[in-house]
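Structure first, commentary second.
The values are calculated or read from the model by the stated rules, or taken from the named source; none is laboratory data. Computed from a predicted model, the values in this text were never measured in an experiment. No Cβ is skipped: glycine too gets one built from the backbone with ideal geometry, and neighbour counts run over all protein chains shown. Surface areas here come from the heavy atoms of the whole protein model, side chains and all, with no ligands, DNA or RNA. Shrake-Rupley method; radii C 1.70, N 1.55, O 1.52, S 1.80 Å.
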Amino acid sequence: MDKILVLYSSRDGQTQKIVDVMLEEMLGYEVVMHDLHTLPMCNLSKFKKVLIGASIRYGNFHPSLLSFIHAHHEQLEVANAAFFCVNLTARKPEKQTPQTNAYMKKFLRLSPWKPRTLGVFAGALQYSRYNWWQTRIIQLIMKMTGGSTDTSKDLEFTDWEKVRSFAREFWSKR
């Protein structure tokens, strides 16, 4: 059975939840999964496919993402690999594609690896998980960008059909 490597950087769990939904669309592979925050070292040639997903917090990816990519970019260039990012900016229709999303553009600017398969997904606004300071900072960002500042409820913006479609397309690519 062919193996797939799935790497993710998730701060509040939404990116991991997206990965889990993607894996529901994948059949016939053995999955090896790693949290990028543990800085795994991997021989990517052992895997039929490599999927990397990362979230944005306060405008930045977790440093482990770029550390991994800098350490493995030569292997990633020849691997059957895809990258997706999760951010709240993608809740707006005009910011939901790799070509229009500022964080995907930022990733491509900072990364020595240029993935051929890219995805952008809206995340979740989980006020119930944030501490007092995080809540205030995120409320300020939401106020500036026209988002919800109501801390009484969490909001999930992820388009699950878009996630499933991306996964089906990537899993079926040879």
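DSSP beta bridges fully contained in the chain are about 15 percent antiparallel. For the stretch 82-164, the C-alpha radius of gyration divided by 2.2 N^0.38 Å, with N the number of residues, is 1.18. Packing order of peptides 135-142, 162-169, highest average first: 162-169, 135-142 (average count of other Cβ atoms within 10 Å over each peptide's residues).
Size estimate for the chain follows the Kirkwood approach: the inverse of mean 1/r over distinct Cα pairs works out to 16.6 Å. Summary of packing: across the peptides 63-76, 27-40, the per-residue average of other C-beta atoms within 10 Å ranks them, highest first, as 63-76, 27-40.
Rounded to the nearest 10 degrees, the inclination of helix 160-172 to the longest alpha-carbon principal axis of the chain is 10 degrees. Over the chain, dividing the summed -39,500 (n - 2.57) contributions of all DSSP H runs of at least 4 residues by the number of residues returns a 222 nm mean residue ellipticity of -11500 deg cm²/dmol. Remark: C-alpha extents of the stretch 28-95 on the principal axes read 37, 27, 20 Å, sorted largest to smallest. Carbon-plus-sulfur accessible fraction, the chain (probe radius 1.4 Å, protein heavy atoms only): 52%.
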